[in-house]
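What follows is a set of notes on a single structure, which appears directly below.
The values are calculated or read from the model by the stated rules, or taken from the named source; none is laboratory data. As the structure is a computational prediction, the values presented were derived from the model and not from experiment. Cβ: placed from backbone, ideal geometry, glycine included. Neighbour counts: every protein chain shown. These area figures cover heavy atoms from the full protein model, side chains too; ligands, DNA and RNA do not enter into them. Shrake-Rupley method; radii C 1.70, N 1.55, O 1.52, S 1.80 Å.
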Amino acid sequence: MTARHVLVVDDEIGIRELLYDILQDEGYQVKLAENAAEARLYREQMRPDLVLLDIWMPDCDGISLLKEWGNSGLLTMPVVMMSGHGTIDTAVEATRIGAFDFLEKPIALQKLLKTVSAALKHGEQLPRSDMTLLNLGKSPVISELRQRLEQIAGVKTPLLLIGEQGSGAELCAKFLHTPDTPWLSLTDYEQLATAPLDILEQIQEGMLFIPEVADLSKNQQKGLQLLLARADKYGARVVCVTAKSLPQLVVAGRFDNLLLQAISATSLRIPNLSDHREDIPDLARAMAALLVDGGEVLYREFDVAALNALRNAEWPGNITQLDSVIRNLMQTSLGEKITLADVNRVLEQFAAFQAALPIVESSPASAGLAALNIDKPLREARDDFERLYFEHHLVKAGHNMSRVAEAVQLERTHLYRKLKQLGIKAK
């Protein structure tokens, strides 16, 4: 059996060496850190099986470091706090944050070994590191998003998350999900049409996550309405996501208006990655640490120029694209550090790949155009088309009426009359 890794963090050299000798004799692989900075660096490089963490250190106290690991999704190993000045309040605070246990100095040998053994056994049940909402950053827009989610965490009403693909909708939903209750990310939408109540049985007291609600067919939408009507009886919550304009799909006859009202009574917009670029360096480091933690890659540090390049790059695929780039960098870079040259190399590869893809128009107007209901009477169908047509040109021209008139080849007075007839307000 592979020896367990124990990280000892204490600013007193005598304590570190004593614990090193004892644990080494018991067959553990022991690493030492004399302050929080060293412990932080070691945690980035690998996941220890156990951390013995002193509370009182000069650079950063152990409670603050414990909180930091918890907030960044890296508290996936058992942590035992140590202090020669321990109080009940400190012990309670440490365990509330996530510490497994608390040892008072001087530490009795049998108490130490018993606690280490119990903590390691507990650590076998802990989940490995994964991306969470806490990894998304500390910028104002992300902090505000987290606060709004916290406000609605205690209710079971449906939630609609609106945002571009890859922006972190599933992380938001999992933030609201109660641990140890069912979680179902629905991939086979046909189940909504054929067995919506069976889905409710599966997610009793848990959560149903629908990655793109705009993709539901008419029958699937009816099934979702039935499911929502019964969800309270099962204590289940439904979280729907969309990157499309549902109101326009309603206008086009492709989405049920009553269903839209039901799922959007509570709705939140998820920021694009470009809305919180200042978080990208921390995001990149967190993603890299998670890969190392999972044993997928060797640890590599990012130099400052590399992080700046990532922050200034364009991310049309948002968090998902950044994660792919970080994974590529960690797997294919040759040096001990990831450099600006490495970042440029990988970003150029992604750009070349994107350029080779067929161009897909993703504006709300084009989404509505694809969803036009051609089974309507001619006049209604024509009005729907013209509404989408003019909305498209308004957006394209930045609502500059002279440019719109030129693009659609209408006199401005005729254009204004047409927009009023279609119920479109010009900015």
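Table for the structure above
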| quantity | calculated |
| --- | --- |
| Residues (charged (D, E, K, R) and open to solvent by 40 Å² or more (accessible area, probe 1.4 Å)) located in region 231-253 | D232, K233, K244 |
| Residues that are farther than 15 Å from A265 by Cα and among the hydroxyl-bearing types (S, T, Y), drawn from region 228-242 | Y234 |
| Selected residue [within 15 Å of the chain's Cα centre (by Cα) and either of a type in the set (F, W, Y) or on the phi < 0 side of the Ramachandran plot (or both)] from T332, T320 | T320 |
| Residues (in contact with a helix residue (DSSP H, G or I) (Cβ under 8 Å, 6 or more places away or on another chain) and either at pLDDT below 95 or of a type in the set (D, E, K, R) (or both)) located in region 1-18 | R4, D10 |
| Residue ranges of strands (runs of 3 or more DSSP E) in region 1-108 with at least 1 members among the polar types (S, T, N, Q) and surrounded by fewer than 16 Cβ atoms within 10 Å (Cβ to Cβ) | 29-33 |
| Qualifying residues in region 255-271 (those that are in contact with a helix residue (DSSP H, G or I) (Cβ under 8 Å, 6 or more places away or on another chain) and assigned to a loop (DSSP other than H, G, I, E, B)) - the one most open to solvent (accessible area, probe 1.4 Å) | D256 |
| Number of positions in region 272-306 that are open to solvent by 40 Å² or more (accessible area, probe 1.4 Å), outside any loop (DSSP other than H, G, I, E, B) and not hydrophobic (A, V, I, L, M, F, W, C) | 7 |
| Neighbours by Cβ (under 7 Å, 6+ apart or cross-chain): first from region 114-133, modelled with pLDDT of 90 or more; second of a type in the set (D, E, K, R) and open to solvent by less than 90 Å² (accessible area, probe 1.4 Å) | T115/D101; A119/D101; L120/R4; L120/D49 |
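One line per residue, one yes/no per condition, for (1) closer than 24 Å to P196 by Cα; (2) at pLDDT below 90:
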residue: A236; (1), (2): yes, no
residue: R285; (1), (2): no, yes
residue: V292; (1), (2): no, yes
residue: N308; (1), (2): no, no
residue: E314; (1), (2): no, no
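Conditions tested, residue by residue: (1) β-branched (V, I, T); (2) in contact (Cβ under 8 Å) with a residue 40 or more places away in the chain; (3) under 20 Å from E301 (Cβ atoms).
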{"site": "D10", "(1), (2), (3)": "no, yes, no"}
{"site": "L18", "(1), (2), (3)": "no, no, no"}
{"site": "E26", "(1), (2), (3)": "no, yes, no"}
{"site": "Q29", "(1), (2), (3)": "no, no, no"}
{"site": "R40", "(1), (2), (3)": "no, no, yes"}
{"site": "R47", "(1), (2), (3)": "no, yes, yes"}
{"site": "D54", "(1), (2), (3)": "no, yes, no"}
{"site": "P58", "(1), (2), (3)": "no, yes, no"}
